[in-house]
Amino acid sequence: MTIAICPGSFDPVTNGHIDIFERASKMFDEVIVGVFNNINKKPLFTVEERVALLKQATSHIPNVKVDCFAGLLADYAHQKNAHVIVRGLRDANDFLYEFPRAMLIKNMAPDIENIFLTTDNKYYHVSSSAIRELAQFGGDITHLVPHCVELAIHEKIKRVPTSK
Ligand code: ADP
């Protein structure tokens with residue numbers, strides 16, 4: 001049985017992430033979406049909120065589990081008996097960010113493979129930070145995030161009034 005981990009902040013989860021989970025779920029027996037509890041970042045959604053939103057948004061994919069972790073990803077992967085880490089790539093910037101991290105993990109844990117899935121071109125421009133910004137300024141995010149996220153973000157973010 002091959003277990004893969006899709007790690008990330010998911011603050012919040014977008015349709016770009018969901019597309020990666022759906023595709024990974026066809027490649028591996030089990031996919032664990034691991035929400036990274038990064039103490040150095042001040043997120044919009046708490047870890048518990050992000051996990052709850054991810055559970056709702058992935059309920060249609062039977063072999064996806066949602067969990068959270070802190071500390072080293074390689075240690076977490078070993079703890080979960082996962083030998084694959086899946087990351088999504090949108091562009092060269094993502095690659096430059098992800099590649100050295102994958103090398104670090106490879107050095108620490110040679111038994112773990114790092115796999116990159118290229119984004120679907122529908123989601124090339126979608127990031128969690130863009131979603132937070134769009135929501136704040138009243139932009140339409142309907143086709144960019146799961147419905148539960150759209151509701152939650154409108155609850156959470158007070159819209160910035162536009163000046164006349
Ligand atoms: P981070 O791990 O930097 O906090 P995110 O939580 O935003 O990043 O994303 C988690 C993973 O999903 C990363 O591998 C990121 O490159 C990937 N990803 C983010 N947005 C998209 C998208 N629109 N399409 C494909 N992959 C994406």
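Some points to look at:
- In the context of the full set of protein chains, residues of region 51-113 present 58 Å² of accessible surface per residue (probe radius 1.4 Å, heavy atoms only).
- Trypsin sites (Lys or Arg not before Pro) within region 6-83: DSSP coil, no more than 14 neighbouring Cβ in 10 Å: LYS41
- The accessible surface of region 4-105, taken with every protein chain in place and a 1.4 Å probe, is 56 percent carbon and sulfur.
- Counting only alpha carbon atoms, the long axis of helix 147-156 and the longest principal axis of the chain meet at about 60°.
- For the chain, relative contact order (Cα pairs under 8 Å, six or more residues apart, normalised by length) works out to 28 percent.
- GNM result for the chain, Cα springs below 10 Å: residue of ASP11, ASP19, ASP111 fluctuating most strongly: ASP111
- Cα long-axis angle, helix 92-108 against the chain (0 to 90 degrees, to the nearest 10): 30
- Taking a Cβ cut-off of under 12 Å around ASN121, the surrounding Lys, Arg, Asp and Glu residues balance to a net charge of -1, with basic ones at +1 and acidic ones at -1.
- C-alpha long axis of helix 15-27 to longest principal axis of the chain, angle in °: 20
- Leading residue at positive end of dipole, the chain (Cβ point charges), from VAL66, LEU96, THR46: THR46
- Pairwise centroid distance, computed over Cα atoms, of region 87-135 with region 54-83, Å: 16
- Shape call, region 61-110: gyration tensor on alpha carbons, a/c limit 1.5: oblate
- In region 20-98, Cα pairs under 8 Å separated by at least six residues give a relative contact order of 35 percent.
The values are calculated or read from the model by the stated rules, or taken from the named source; none is laboratory data. Keep in mind that this is a model prediction, so the values were computed, not measured. Counting neighbours? That spans all protein chains shown, and the Cβs are built from the backbone with ideal geometry, glycine included. Ligands, DNA and RNA are stripped out before the accessible areas are found, and what is left, the full protein with its side chains, is counted by its heavy atoms. Shrake-Rupley method; radii C 1.70, N 1.55, O 1.52, S 1.80 Å.
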